[in-house]
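The values are calculated or read from the model by the stated rules, or taken from the named source; none is laboratory data. Given the structure is predicted, the values throughout are model-derived calculations rather than measurements. Positions of Cβ are generated from backbone atoms using ideal geometry, with glycine treated the same way; all protein chains shown enter the neighbour counts. Just so you know, the surface numbers come from the protein's heavy atoms only, side chains and all, with ligands and any DNA or RNA stripped out. Shrake-Rupley method; radii C 1.70, N 1.55, O 1.52, S 1.80 Å.
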There are 2 protein chains.
Amino acid sequence: MMVSEKSVEKSFASLHAPFIMNAAEADVIRALRKKGVISRTGISSITGWSKAKTSQEIRSLIGKGYLVEEGEGTSQGGRRPGLLRINDQLGYLVGLDIGATSIDAVLADVGGKVLQRITSPADVRQSPEEFLSHCSELILEMVTAQACRHDQILGIGVGVPGPVDFSRGVLVAPPLMPGWENFPIRSFFQQTFPTSYVVIDNDVNIMAIGEQRAGDGIGVDHFIFIKIGTGIGSGIVSNGKIHRGSIGCAGDIGHICVDKQGPICRCGNTGCLEAMAAGPAVTEKALQAAKNGSSPLLRKMMEDNGGFLGPEDVNTACREGDQAALEIIRASGQMIGDVLASLVNFFNPSHIFIGGGITNFGNHLLVSIRRAVLRRSLPLATTDLSINFSRMGPEAGVTGAVALAREYLFIVEGQPTFKV
Amino acid sequence: MMVSEKSVEKSFASLHAPFIMNAAEADVIRALRKKGVISRTGISSITGWSKAKTSQEIRSLIGKGYLVEEGEGTSQGGRRPGLLRINDQLGYLVGLDIGATSIDAVLADVGGKVLQRITSPADVRQSPEEFLSHCSELILEMVTAQACRHDQILGIGVGVPGPVDFSRGVLVAPPLMPGWENFPIRSFFQQTFPTSYVVIDNDVNIMAIGEQRAGDGIGVDHFIFIKIGTGIGSGIVSNGKIHRGSIGCAGDIGHICVDKQGPICRCGNTGCLEAMAAGPAVTEKALQAAKNGSSPLLRKMMEDNGGFLGPEDVNTACREGDQAALEIIRASGQMIGDVLASLVNFFNPSHIFIGGGITNFGNHLLVSIRRAVLRRSLPLATTDLSINFSRMGPEAGVTGAVALAREYLFIVEGQPTFKV
DNA sequence: TAACTTTGTTCACAATACGAACGAAGTTAT
DNA sequence: ATAACTTCGTTCGTATTGTGAACAAAGTTA
């Protein structure tokens with residue numbers, strides 16, 4: 001009686017994160033993470049543990065509900081292997097990508113498979129409480145839609161547009177959202193989702209993580225992810241790990257100076273990359289071209305738009321062969337490329353991924369960036385360098401947020417912050 | 001008989017690197033590395049192993065000759081602890097810092113204590129065989145002077161002025177020493193010193209390692225070490241580890257563009273930092289000032305020198321209050337600072353250490369660098385940033401080379417490249 | 001149908017690591 | 001000065017951990 005009651009309690013409790021395990025079990029989980037579906041013998045040969053021990057640990061993990069059997073594989077000339085996988089029904093993960101004007105949220109299973117995605121307009125100038133309550137509602141909306149319980153949310157990964165003290169999980173002097181400084185995002189979410197582990201990171205860092213876990217950055221040790229949109233930022237991966245810097249503001253390349261005689265930036269300095277080459281600068285130049293007559297097409301688009309032009313208008317004009325628009329995009333690409341050239345010399349990455357709203361500017365932008373980098377970097381640093389748009393599109397952020405949360409799903413005895 | 005013979009053989013063989021040990025023994029060694037001299041109980045509490053097990057492993061390590069007893073410590077209110085330390089007589093390490101015109105070599109014991117240091121002029125344009133033979137002779141000279149055997153050299157750390165493929169231990173497309181490309185430095189040294197493990201790294205990287213292990217960089221996770229001399233280079237530490245980049249040329253900031261209208265650099269581009277702010281540029285500007293009459297003092301020094309001026313002359317002139325010399329140094333500092341400002345935004349280090357020949361230019365240079373960085377970097381990135389000269393002087397390189405070699409002294413069963 | 005192969009479990013055994021007890025060496029309180 | 005406590009390190013019995021060998025299960029191939 002006693003024993004059976006205890007075991008029932010335990011199997012229920014085990015549905016709540018974090019999942020505690022020993023080192024050998026962690027090896028098994030790691031092997032499963034890598035391979036997805038694999039046999040006991042396969043796990044044994046990956047982990048190095050004997051077949052006997054491996055089998056035993058797997059029995060334990062199945063007992064706890066972490067693993068499930070997934071039918072049988074094909075015979076390799078003998079008995080068919082019994083396949084195993086991590087129990088995706090163990091619970092759910094949430095990824096949040098907080099932008100200045102919108103929230104991107106996904107609900108995924110513990111395997112990282114996205115079940116639902118929501119995008120919602122929002123204003124980051126709201127108070128953190130209001131804004132995050134909105135986020136919680138979005139999560140609960142998905143929870144309801146997917147018919148799961150809110151206490152099955154095991155991890156929440158959050159990307160925010162500002163510098164983050166990663167270990168404390170708070171924003172540090174964020175220019176876009178001053179009221180958020182030191183706001184305890186982690187405990188806010190844990191009030192509503194007490195079963196979940198909450199990780200906060202910079203928005204570009206989570207995009208880089210997304211690229212590293214689910215994009216073309218898999219297996220790449222040194223790369224830079226550039227986000228070009230309203231601002232310009234970057235996520236840095238060094239030796240396979242995110243480089244966040246001393247106080248978490250690494251990658252903030254938007255305010256690198258490209259021209260001391262340039263226009264004044266919102267940061268107060270002159271000639272910042274962001275002020276000269278990001279979205280607003282591009283549309284500003286386009287408006288000038290429309291007004292001063294150098295581009296009749298842009299002028300027409302402006303008039304049709306009621307006096308406004310967006311980045312996508314410049315792109316359209318460029319596609320239709322408008323020289324002024326092309327020149328604006330080229331100039332932007334060259335300035336970005338000049339900055340990247342310095343960073344390539346300094347950091348020697350093997351890949352640069354470019355993402356963010358400006359991505360659909362297409363090849364003209366990419367070509368000018370590449371050309372500038374090739375011209376100004378050391379030949380050695382560029383021989384093995386690829387510069388490309390991220391193929392993950394707008395999903396890089398939330399994908400990375402989920403991947404980040406997923407890292408902290410399991411906890412190993414003795415090791416305070418173990419990542420599987 | 002058999003047994004005793006065997007054990008003699010074993011204890012002799014154990015004098016040759018690498019020293020193989022199990023995981024628990026490695027924990028003991030690691031604790032000893034950290035504390036230097038420590039009791040058995042102390043090791044037990046650091047490693048987490050029980051007193052019984054710790055004692056046993058220590059007995060084994062003493063038996064192998066890796067550890068020695070170091071008298072007794074002071075009582076903490078009970079029996080006096082028996083102190084232990086790593087056996088410094090185990091063998092010796094060599095650090096080599098190869099410069100364009102000189103070799104800096106040290107012989108150290110396995111504790112890292114420098115026993116002897118030699119500096120010798122050399123020309124890197126020699127063939128690798130000639131040059132490295134010269135290095136070997138220097139090492140043997142020290143070996144003789146210190147009355148140790150050449151087969152007691154257990155590790156050689158080498159810093160070379162060029163990009164290094166660290167895992168293969170060869171230079172990759174080095175501009176200063178084209179004939180060295182892919183030359184097997186490692187096996188060259190192992191012919192003469194078959195008992196030693198040879199590690200090759202970039203010259204600025206080993207300076208950064210020196211700063212990290214024995215200088216003000218101890219415990220600093222993110223820093224940049226800048227070397228300013230004939231050229232300008234940097235060593236990068238991210239998350240406590242050297243960042244070498246995709247092909248090993250990370251940190252090569254000398255060819256970052258500071259002025260597109262600037263003079264032509266030896267790399268072929270225009271306006272590189274190196275061409276505008278490094279040693280040769282400084283002396284060139286000083287010569288101009290001497291010739292065009294804007295500095296009578298420099299003119300006099302030039303004439304006394306037979307038409308030449310060195311960086312130290314500019315420094316002297318500056319100290320004596322010469323305005324032209326001061327302006328030259330300030331301009332150099334500002335350009336370096338402007339580049340560093342970009343790197344600070346990108347990398348967010350907590351420390352920048354400046355070393356190399358130009359270091360003794362003193363405060364004028366440092367102040368202008370700091371001022372430029374503070375003006376052009378994000379305030380957030382500079383709040384916690386310290387920019388200082390390295391206090392290790394010309395010994396940073398060799399110290400780092402020894403530290404690097406020392407990491408590979410012990411090898412743990414199963415783990416291919418374990419660092420203690 | 002017999003002879004291999006591969007998978008996974010069982011079980012006895014070896015090794016590993018620990019706790020408790022103890023001896024050794026010192027310090028502090030009375 | 002002596003008793004009582006502390007700390008250090010070793011010894012030893014024991015519990016735990018992990019393994020290899022044997023075996024059972026399930027299939028494939030000659």
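By DSSP, what percent of the beta bridges with both residues in the protein assembly as shown are antiparallel, rounded to the nearest 5? Provide the component values of the computation, followed by the final result.
Numbers: 64 of 114 bridges.
If I count the DSSP bridges inside the protein assembly as shown, around 55 percent turn out antiparallel.
Rolling a 1.4 Å probe across all protein chains gives B:I264 an accessible area of roughly 130 Å².
Counting only DSSP beta bridges with both residues in chain A, tell me the antiparallel percent, nearest 5.
Values: 32 of 57 bridges.
Rounded to the nearest five, the antiparallel share is 55 percent.
Note on A:233-244: average number of Cβ atoms from other chains within 10 Å of each residue's Cβ is 4. Rounded to the nearest whole Hz, the Karplus-based 3J(HN,Hα) values (6.51 cos²θ - 1.76 cosθ + 1.60, θ = phi - 60°) of segment A:163-171 follow the sequence x, 10, 7, 4, 5, 8, x, 10, 7, with x at glycine and proline. Taking the longest Cα principal axis of chain A as reference, the axis of helix A:396-407 is set at about 30 degrees.
As a test of reading the structure, rank A:T195, A:T399 by solvent-accessible area (1.4 Å probe, protein chains only), most first. Walk me through the numbers before you get to the answer.
On the way: A:T195 20, A:T399 40 Å².
So, going from the largest accessible area down, we get A:T399, A:T195.
The long axis of helix A:363-376 is offset from the longest Cα principal axis of chain A by roughly 90 degrees. Normalised by the number of residues in chain A, the mean separation of alpha-carbon contacts (under 8 Å, six or more apart) gives a relative contact order of 17 percent. Across segment B:343-356, coupling constants 3J(HN,Hα) worked out from phi with the 6.51/-1.76/1.60 Karplus curve, θ = phi - 60°, read 5, 5, 4, 6, 9, 6, x, 9, 9, 10, 9, 10, x, x Hz, and Gly and Pro carry x. Near A:K260, which aspartates and glutamates are there with a Cα under 14 Å away, not counting those fewer than 8 places off in the same chain? Counting by Cα, and skipping residues close in sequence, A:K260 has these aspartates and glutamates nearby: A:E274, B:D259, B:D338.
Residues in segment A:39-54 carry Karplus couplings, in order, of 8, 4, 4, x, 4, 4, 6, 6, 7, x, 6, 5, 4, 4, 4, 4 Hz; the curve used is 6.51 cos²θ - 1.76 cosθ + 1.60 with θ = phi - 60°, and Gly or Pro positions show x. Interface of B with A. Using a 1.4 Å probe and counting protein heavy atoms only, the two chains hide about 3600 Å² of accessible surface, both sides summed. Counted by Cβ distance under 14 Å from A:D97, the other residues give a net charge of -3, where Lys and Arg count +1 and Asp and Glu count -1. Springs between alpha-carbon pairs under 10 angstrom, Gaussian network model over chain A: which of A:M335, A:M21, A:M276 fluctuates most? Maximum among the listed residues: A:M21. Bridge orientation summary for segment A:82-209: considering DSSP beta bridges with both residues in this region, about 55 percent are antiparallel.
Between B:L67 and B:I62, B:N87, the built amide H atoms are under 5 Å apart, and every one of these is 5 or more places off in sequence or on another chain. Name the shape class, rounded, prolate or oblate, that the alpha-carbon gyration tensor gives for the protein assembly as shown, where a ≥ b ≥ c are the square roots of its eigenvalues, rounded holds for a/c under 1.5, and otherwise prolate holds if a/b is larger than b/c and oblate otherwise. It is oblate, given that a/c is not under 1.5 and a/b is not larger than b/c. With the label put 7 angstrom out from Cα along the Cα-to-Cβ vector, B:V37 ends up 6.3 nm from the copy partners, going from closest to farthest. Residues whose amide H falls under 5 Å from that of B:I256, counting only those 5 or more places apart or on a different chain, are B:L273, B:E274, with hydrogens built in the peptide plane. Near B:A52, once Lys and Arg are set to +1 and Asp and Glu to -1 for all other residues with Cβ below 12 Å from its Cβ, the sum equals +3. Sorted shortest first, the separations between the B:G219 label point and its copies elsewhere in the assembly read 4.1 nm; each point sits 7 Å from Cα along the Cα-to-Cβ line.
Chain A residue nearest by beta-carbon to the axis mapping A to B, with distance in Å: A:S238, 2. Taken along the Cα-to-beta-carbon direction at a fixed 7 Å, the label points for B:K241 and A:Q191 span 4.0 nm. Neighbours of A:P349, meaning other residues whose beta-carbon lies under 11 angstrom from its beta-carbon, give a summed charge of -2 when Lys and Arg score +1 and Asp and Glu score -1. Between segment A:141-199 and segment A:65-102, the C-alpha centres lie 25 angstrom from each other. Shortest first, B:R117 label-point distances to identical copies amount to 5.9 nm, with the label point at 7 Å from Cα along Cα→Cβ.
Proximity of backbone amide H atoms, modeled 1.01 Å from N, is registered between B:D216 and B:R391 at under 5 Å, excluding neighbours fewer than 5 places apart on the same chain.
Please tell me the relative contact order of segment A:220-391 in percent, rounded to the nearest whole number, where contacts are Cα pairs under 8 Å and at least six residues apart. List each step's numbers first, then the result.
Values: 302 pairs, mean separation 39.1, N = 172.
In percent, rounded to a whole number, it is 23.
Between A:G91, A:G179, A:G397, the Gaussian network model of chain A with springs among Cα atoms under 10 angstrom shows the greatest mean-square fluctuation at A:G179. Between the listed residues A:A290, A:G248, A:A278, the Cα displaced farthest toward the positive end of the dipole of segment A:245-321, a dipole computed from Cβ unit charges relative to the Cα centre, is found at A:A290.
When the Gaussian network model of chain B links Cα atoms closer than 10 Å, the mean-square fluctuations of B:K53, B:K285, B:K113 top out at B:K53.
Using only Cα atoms, tell me the angle between helix B:279-291 and the longest principal axis of chain B; keep it within 0 to 90° and round to the nearest 10. The angle comes out near 30 degrees. One Cα centroid belongs to segment A:300-345, the other to segment A:369-414; the line between them spans 24 Å. Anisotropy class assigned to chain B is prolate, per the alpha carbon gyration tensor with a/c at or over the 1.5 cut-off and a/b larger than b/c.
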